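Working notes for the structure below.
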Amino acid sequence: MARARFTEVTTAVDGVKKQVELCFFAEGTGTYSAGGTISNKKCSNSNNGDGWRLGAATDYATKYVNDITVVDGTITATAIGGNGLSGSTYILVPHFGNAAADNGIIDWQRDSTSSCITNELC
């Protein structure tokens, strides 16, 4: 059942990803490097701009989501401590695609330090 509950955590990230992507498109992604990490300090919790808004981390809390933190574009969703979820984290890091030139595609990759991997929830 814990895996089923954790899908609420992974699904909750989808809307946040869209807002981070809009932030990158509006505020910039830095110098293109094929497969490189994308980062922008403006793309963090409690910031907003033309057409995008990132709420406070606890604004995203639900029955199974404790919070969703966004720092420079990297998203960390943290589950609640109970119901077998053990406060597991699901971390998504934005990367440029592997094309020869920047084609505007953001490749979201699950970070290997996400504790949901060790806890066999994601």
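Please specify each residue of the range 47-66 satisfying the condition of being buried (at least 18 other Cβ atoms within 10 Å of the Cβ) and within 16 Å of the chain's Cα centre (by Cα).
Residues satisfying the conditions are TRP52, LEU54, ALA57, TYR60, VAL65, ASN66.
Restricting attention to the range 96-122, report how many residues are at negative phi, out of contact with any His (no Cβ under 9 Å at 6 or more places or on another chain) and outside any helix (DSSP H, G or I).
Going through the range 96-122 one residue at a time, the tally reaches 17.
SER88 passes all but one of (1) under 13 Å from the mean Cα position of the chain (by Cα); (2) crowded, with 19+ Cβ neighbours inside 10 Å; (3) small (Gly, Ala, Ser); which number fails?
Single failed check for SER88: (1).
Give me the residue from the range 1-46 that is aromatic (Phe, Trp, Tyr) and in a helix (DSSP H, G or I) and, out of that set, surrounded by the most Cβ atoms within 10 Å (Cβ to Cβ).
PHE6
Of the residues ASN45, ASN66, which single one is free of Cβ contacts under 8 Å to residues at least 24 places away in the same chain, within 28 Å of LEU121 (Cβ to Cβ) and touching a strand residue (DSSP E or B) at 6+ places or on another chain (Cβ under 8 Å)?
So the residue among ASN45, ASN66 that is free of Cβ contacts under 8 Å to residues at least 24 places away in the same chain, within 28 Å of LEU121 (Cβ to Cβ) and touching a strand residue (DSSP E or B) at 6+ places or on another chain (Cβ under 8 Å) is ASN66.
Quick one: in the range 99-122, of everything that is among the acidic types (Asp, Glu) and closer than 25 Å to TYR32 by Cα, which residue is nearest to the chain's Cα centre (by Cα)?
It comes out as ASP111.
Please work out which residue is nearest to TRP108 (Cα to Cα), limiting yourself to the range 17-39 and to residues that are out of contact with any helix residue (DSSP H, G or I) (no Cβ under 7 Å at 6 or more places or on another chain) and of a type in the set (A, V, I, L, M, F, W, C).
Only one residue fits best here, namely VAL20.
Tally up the residues in the range 20-42 that are of a type outside the set (Ser, Thr, Tyr) and touching a residue at least 40 places away in the same chain (Cβ under 8 Å), please.
Looking only at that region, the number is 9.
None of the figures in this text is laboratory data; all of them are computed from the coordinates on show. Just so it is clear, the model here is predicted, and its values are computed rather than measured. Note: ideal-geometry Cβ built from the backbone for every residue, glycine included; neighbour counts use all protein chains shown.
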